[in-house]
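*Asks:* I'd like to ask some things about the structure below.
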Amino acid sequence: MTRTRDIAITRGVSPGIARCELTYLAREPIDYERAVEQHAAYERLLEELGLRVDRIEADAALPDCCFVEDAAIVLDDVAVITRMGAPSRRGETAAVASALERHRPLVRLPEPARIDGGDVLVLGRRIFVGLSNRTDTAGISALAAAVRPHGCAVVPVRMHDCLHLKTAVTAAGPRLLLVNPAWVDPEPWRDFDTIEVAPGEPGAANVLEAGGVVIAAAGFPRTADRLRARGLDVRTVDVSEFQKAEGGVTCKSLLLRVAPGSAAE
């Protein structure tokens with residue numbers, strides 16, 4: 001059996017993060033130094049879980065650059081470079097593409113596609129894509145065309161009242177999803193086991209599977225208890241400064257698997 005290694009691509013926090021794009025939240029002050037500390041703790045946790053962290057330097061001209069998830073969709077045999085919905089963020093993709101091209105062939109989505117990686121939930125060969133303020137039908141169609149040769153099918157998902165699909169639903173385990181049903185159409189998840197976020201914790205649905213555990217944002221204790229009740233190992237991290245920028249735990253890394261001894265290693 002070929003052993004594999006998990007890699008997390010991250011990017012430093014921009015000194016300009018206070019100028020981040022916002023859709024649903026009112027702007028409030030972001031403590032840059034605290035955000036840097038929180039991001040470093042997030043990266044340390046990934047390393048403690050056995051992942052190699054490949055870090056891209058921050059760019060002061062790109063306030064949202066630490067949210068690398070939106071720049072690409074990583075599959076087993078290809079990485080799709082997105083054309084992000086906010087024009088101010090499109091400059092983020094170049095550095096992410098450079099980091100990914102060591103690990104995967106790249107496909108770039110053309111104009112007029114608009115799509116953020118945060119709207120894309122990959123579950124096996126089915127790729128669920130939320131239609132949001134950042135992702136449009138042209139983006140969904142372009143992604144479907146890009147992944148079809150790789151044996152994947154795209155499933156559009158209706159959602160509302162939140163920035164990205166993965167604000168409302170994420171994978172917590174094999175065929176196990178954590179869902180806020182108030183923000184996303186429940187129909188696409190009929191074939192999956194689901195856990196609903198706890199009452200009063202609508203933002204808790206964004207979790208990250210990594211290194212055999214579930215990484216969750218601190219501040220949602222009842223939802224974390226629901227995950228633990230299913231036998232999951234839950235580790236919490238403080239991402240409070242990033243939540244002010246409409247970010248969460250999935251937003252700050254791109255996870256991929258490579259074979260040890262490959263050129264990427």
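*Asks:* Name the residue, out of 71, 61, 113, that is more than 17 Å from residue 167 (Cα to Cα), touching a helix residue (DSSP H, G or I) at 6+ places or on another chain (Cβ under 8 Å) and open to solvent by less than 10 Å² (accessible area, probe 1.4 Å). Steps first, please.
*Replies:* On the way: 71 fails: more than 17 Å from residue 167 (Cα to Cα); 61 fails: open to solvent by less than 10 Å² (accessible area, probe 1.4 Å).
Answer to the selection: 113.
*Asks:* Which number in (1) touching a Phe, Trp or Tyr at 6+ places or on another chain (Cβ under 8 Å); (2) open to solvent by less than 10 Å² (accessible area, probe 1.4 Å) marks the one condition that residue 207 misses?
*Replies:* Unmet condition: (1).
*Asks:* Here's something else I'd like to know. Could you list, in sequence order, all residues of segment 212-249 that are under 19 Å from residue 5 (Cα atoms) and either of a type outside the set (A, V, I, L, M, F, W, C) or open to solvent by 50 Å² or more (accessible area, probe 1.4 Å) (or both)? Let's see the steps before the verdict.
*Replies:* We begin by selecting, within segment 212-249, every residue under 19 Å from residue 5 (Cα atoms); these are 212-215.
Answer for segment 212-249, where residues must be under 19 Å from residue 5 (Cα atoms) and either of a type outside the set (A, V, I, L, M, F, W, C) or open to solvent by 50 Å² or more (accessible area, probe 1.4 Å) (or both): just 212.
*Asks:* Now, a different point. Looking only at residues in segment 116-129 that are in contact with a helix residue (DSSP H, G or I) (Cβ under 6 Å, 6 or more places away or on another chain) and not in a strand (DSSP E or B), which one is surrounded by the fewest Cβ atoms within 10 Å (Cβ to Cβ)?
*Replies:* Among them, the one singled out is 118.
*Asks:* Report, by residue number, each residue of segment 130-167 that is among the aliphatic types (A, V, I, L, M), part of a helix (DSSP H, G or I) and out of contact with any Pro (no Cβ under 6 Å at 6 or more places or on another chain).
*Replies:* Listed by number, the residues that qualify are 142, 143, 144, 145, 146, 147, 165.
*Asks:* Conditions: (1) among the charged types (D, E, K, R); (2) crowded, with 22+ Cβ neighbours inside 10 Å; (3) touching a strand residue (DSSP E or B) at 6+ places or on another chain (Cβ under 7 Å). Residue 134 meets all but one. Number of the miss?
*Replies:* Here residue 134 meets the rest and fails (3).
*Asks:* So which of 27, 34 ends up being assigned to a helix (DSSP H, G or I), of a type outside the set (S, T, N, Q) and open to solvent by 20 Å² or more (accessible area, probe 1.4 Å)?
*Replies:* On the way: 27 fails: assigned to a helix (DSSP H, G or I).
Going through 27, 34 in turn, just one is assigned to a helix (DSSP H, G or I), of a type outside the set (S, T, N, Q) and open to solvent by 20 Å² or more (accessible area, probe 1.4 Å): 34.
*Asks:* Just to be sure, is residue 146 farther than 14 Å from residue 84 by Cα, out of contact with any helix residue (DSSP H, G or I) (no Cβ under 7 Å at 6 or more places or on another chain) and crowded, with 21+ Cβ neighbours inside 10 Å? Spell out the reasoning first.
*Replies:* Numbers: farther than 14 Å from residue 84 by Cα: yes; out of contact with any helix residue (DSSP H, G or I) (no Cβ under 7 Å at 6 or more places or on another chain): yes; crowded, with 21+ Cβ neighbours inside 10 Å: yes.
It is true that residue 146 is farther than 14 Å from residue 84 by Cα, out of contact with any helix residue (DSSP H, G or I) (no Cβ under 7 Å at 6 or more places or on another chain) and crowded, with 21+ Cβ neighbours inside 10 Å.
The values are calculated or read from the model by the stated rules, or taken from the named source; none is laboratory data. Because the structure is predicted, anything quoted here is derived from the model rather than measured. Methodologically, a virtual Cβ is constructed for each residue, glycine included, from the backbone with ideal geometry; neighbour enumeration extends over all protein chains shown. In case anyone asks, the SASA skips ligands and DNA or RNA and just uses the protein heavy atoms, side chains included. Shrake-Rupley method; radii C 1.70, N 1.55, O 1.52, S 1.80 Å.
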